[in-house]
């Protein structure tokens, strides 16, 4: 999978997902608000799975620790790019126009995000904290390999708190509402990744209206 050149099919329809204001209630099951001190926030590390009936000893299998660095997201025209220094990754995160119509080199503010990919980390949690203290959004879905586009929810943050994502929760990067934004990122060092390619698996893109967050969410089971 080439994250910088997704080479997506043309004329994909979109599935609009809710854009919900993040709070303790709406994030239940997905993660936690992080009000301060992100460097010392504990990251859940999942013990390495056993491959047979004998269990992994309890004093090992979870010792890889964490990596941390800066996650940088920026809009260049209609395309949202991301760079994760913690794991050395660079990505096209989304689009303001259909991918085949998206252009760079202009400064018009986006009104939506079209998302082609999400993933989860089975080895540990992940924390994003806004260095620039500006609003941002993050798409999430509860654990499960059979999730569909309709299971995803976008959460809107006002920039005063960060987000901690539990292991196995589907997500993508952190998305600024406009311009560019820096985030402190801390995550499991193994960095196992399980992916959904919406464009090829479901023949669609996820769409988030970033102009009008709602106020609440009925928790999903």
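Throughout, read-outs are computed from the coordinates displayed, never taken from laboratory work. Everything numeric in this text was worked out from a predicted model, so none of it was measured. Please note: Cβ atoms are built from the backbone with ideal geometry, for glycine as well, and neighbour counts cover all protein chains shown.
The table below lists the values:
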item	result
Distance in nm between pseudo-label sites at residue 132 and residue 147 (7 Å out along the Cβ direction from Cα)	2.6 nm
Segment residue 180-residue 202, length gained on full extension (0.36 nm per residue, minus Cα span)	5.0 nm
Among 40, 14, 73: highest mean-square fluctuation, GNM of the chain, C-alpha pairs under 10 Å	40
Length released on extending from residue 48 to residue 193, taking residue separation times 0.36 nm less the Cα-Cα span	50.8 nm
The chain: relative contact order in percent, alpha carbon pairs under 8 Å with at least 6 residues between	33 percent
Value of D in µm² per second that Stokes-Einstein yields for segment 23-84, Kirkwood Rh from Cα pairs, at 25 °C (0.890 mPa s)	155 µm²/s
Contour excess over end-to-end distance, with Cα ends at residue 5 and residue 68 and 0.36 nm allotted per residue	20.1 nm
Measure of compaction for segment 50-170 (Cα Rg per 2.2 N^0.38 Å)	1.27
Rough spin-label spacing in nm, given labels placed 7 Å along Cα→Cβ, for residue 56 and residue 85	2.9 nm
Label-point separation, residue 15 to residue 104 (7 Å along Cα→Cβ), nm	3.0 nm
Percent RCO, i.e. relative contact order, over segment 132-221, from Cα pairs under 8 Å lying at least 6 residues apart	31 percent
Residue-averaged 222 nm ellipticity for the chain, from DSSP H runs of 4+ at -39500 (n - 2.57), nearest 500	-500 deg cm²/dmol
Normalised alpha carbon radius of gyration of the chain [divisor 2.2 N^0.38 Å]	1.00
Theoretical FRET efficiency, 1/(1+(r/R0)^6), r = Cβ-Cβ of residue 209 and residue 28, R0 25 Å, to 0.05	0.60
Taking segment 16-100 and dividing mean pair separation by its residue count, relative contact order in percent (alpha carbons under 8 Å, at least six apart)	14 percent
